[in-house]
């Protein structure tokens with residue numbers, strides 16, 4: 001077996017974990033609620049209140065404001081950006097603690113970056129990959145998937161075409177597809193070890209899950225949403241954004257100056273089935289004709305909805321699957337692995353580090369390796385964890401990796417306001433409750449990347465979902 005199709009897929013850069021990030025350090029012209037005095041007495045009446053200042057919420061706000069509607073965005077964090085986060089490293093440079101890669105058919109995020117003047121940085125993939133497996137270090141070239149793997153990928157892609165992007169729960173035999181895990185399907189079709197490992201690697205790197213706990217219906221939808229295995233495994237990771245992906249949200253927030261309130265967790269939303277919606281936050285209250293909630297469904301459990309949400313919507317939020325992630329950026333005086341003919345793509349079968357990528361800035365003034373880390377490393381002390389990760393990286397890239405200039409980590413399991421970065425769904429949920437995912441509930445409209453039928457779970461999906469929710473609201477406001 002060629003060094004595991006698993007390695008090829010895991011090294012495919014499709015680990016676009018919509019990960020968690022520490023507090024942003026960009027200055028944004030927004031209101032804050034930290035003093036607990038003036039802002040805590042805030043009383044605002046607007047056309048539309050938006051919960052969540054990530055890309056989805058901010059894109060919705062931008063479209064609404066440009067249409068002449070009054071809008072206010074509330075976020076629990078002290079920063080904008082949601083599941084994108086820029087982290088400062090030595091030399092006043094930035095790396096992505098959260099979602100970072102774009103490319104392929106992700107037209108909306110590339111257009112937005114161009115409009116906002118944010119340059120793209122090509123993802124470096126030149127050279128060999130390196131793996132440390134069973135105590136042995138080897139280098140490898142990216143192999144073409146085996147005939148068996150390609151056959152299984154085509155089978156799954158063909159099956160995915162039966163799943164409607166706008167309503168996967170309406171697929172033919174949706175309940176039957178949703179009752180199975182991907183592992184069940186692989187076993188029922190007598191799929192061999194290599195092809196099974198390749199599918200598992202795609203699920204692991206895109207959904208941070210295993211075939212055993214991932215609904216077949218949801219994976220088929222996710223696969224079609226992206227455009228197939230090639231897009232999931234490679235196409236979506238062609239570029240990073242200069243200055244970090246959070247820069248998109250920072251610049252959108254600057255356009256919305258005065259209409260974004262940070263440090264303002266929404267505790268209660270009242271009256272979604274009445275003539276207006278009342279939002280109670282730590283910054284005060286907002287009355288709106290319509291509301292958009294732009295969050296991962298699991299995170300909406302923190303909000304008390306009065307009256308209670310319909311049963312399907314409540315079940316969706318309570319049982320929504322969410323996986324966290326752990327990223328570490330290690331900074332060196334230069335990208336020394338390139339001198340060795342290595343791409344920076346690395347894989348380990350055990351230890352703290354799972355997979356690595358080259359995240360060096362465009363000017364190459366420093367070298368940066370990104371490591372995705374086993375969440376179990378959270379249990380170690382900070383010092384022991386750093387020592388373990390640097391030891392693992394040195395096994396992959398040699399003794400030069402033992403002397404970093406800087407080390408920055410982001411453990412999303414410790415994030416207060418985010419239940420997870422990506423959304424693997426268990427069998428049974430989408431066919432039974434999925435119809436409530438994006439259908440408006442009275443005067444509440446739902447956004448967030450999980451509600452997008454195209455590039456669900458990605459930055460692209462977040463933008464599309466915000467634009468879709470804004471269009472819904474504008475249509476309804478015309479009749480209110």
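Just so it is clear, none of the values below were taken in a lab; they were calculated from the coordinates. Remember, predicted model here, so these are calculated numbers, not experimental data. When we count neighbours, we look across all protein chains shown, and the Cβ atoms used for this are built from the backbone with ideal geometry, even at glycine.
Structure data summary
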| quantity | calculated |
| --- | --- |
| Base-10 log of normalised Debye intensity for segment 260-307 (one unit scatterer per alpha-carbon) at q = 0.14 Å⁻¹ | -0.32 |
| Crossing angle, helix 107-116 versus the chain [Cα axis fit, 0-90 degrees, rounded to tens] | 70 |
| As computed over segment 214-273, the Cα convex hull volume per residue (Å³) | 218 |
| 222 nm mean residue ellipticity, helices alone, for the chain (DSSP H n ≥ 4; -39,500 (n - 2.57); rounded to 500) | -9000 deg cm²/dmol |
| Cα centroid of segment 64-110 to Cα centroid of segment 234-303, whole Å | 12 |
| Part-to-part distance (alpha-carbon centres) for segment 153-179 and segment 388-407, which is given in Å | 44 |
| Equivalent ellipsoid, segment 139-290 (semi-axes from 5 times Cα gyration tensor eigenvalues, Å) | 40, 23, 13 |
| Folded to 0 to 90 degrees: helix 382-397 orientation relative to the chain principal axis, Cα | 50 |
| Evaluated over segment 237-385, the Cα radius of gyration and Dmax, each in Å | 21.8, 66 |
| Ascending count of other beta-carbon atoms within 10 Å, so fewest first, for 152, 90, 430 | 90, 152, 430 |
| Cα-based convex hull, segment 64-127, per residue volume (Å³, whole number) | 154 |
| Residue-span extension gain [residue 471 to residue 333] - 0.36 nm each, minus C-alpha spacing | 44.9 nm |
| Square roots of five times the Cα gyration tensor eigenvalues for segment 333-480, Å | 41, 19, 14 |
| Debye log10 I(q)/I(0) for segment 304-418, one point scatterer per Cα, at q = 0.11, 0.23 Å⁻¹ | -0.45, -1.29 |
| Computed Rg/Rh of segment 419-480, alpha carbon atoms with Kirkwood Rh | 1.02 |
| Extension reserve of the residue 141-residue 417 stretch, reckoned as 0.36 nm per residue once the Cα distance is removed | 95.3 nm |
| Helix 193-207 vs. the chain, principal-axis angle (Cα, 0 to 90°, nearest 10) | 40 |
| At q = 0.21 Å⁻¹, base-10 log of I(q)/I(0) for segment 59-188 (Debye sum, equal scatterers on each alpha carbon) | -1.26 |
| Semi-axis lengths (Å, descending) of the ellipsoid that matches the C-alpha gyration tensor of the chain | 37, 28, 18 |
| Volume per residue that the Cα convex hull of segment 111-221 spans, once the total is divided by residue count, Å³ | 164 |
| Residue order, fewest to most surrounding Cβ atoms within 10 angstrom, among 157, 173 | 173, 157 |
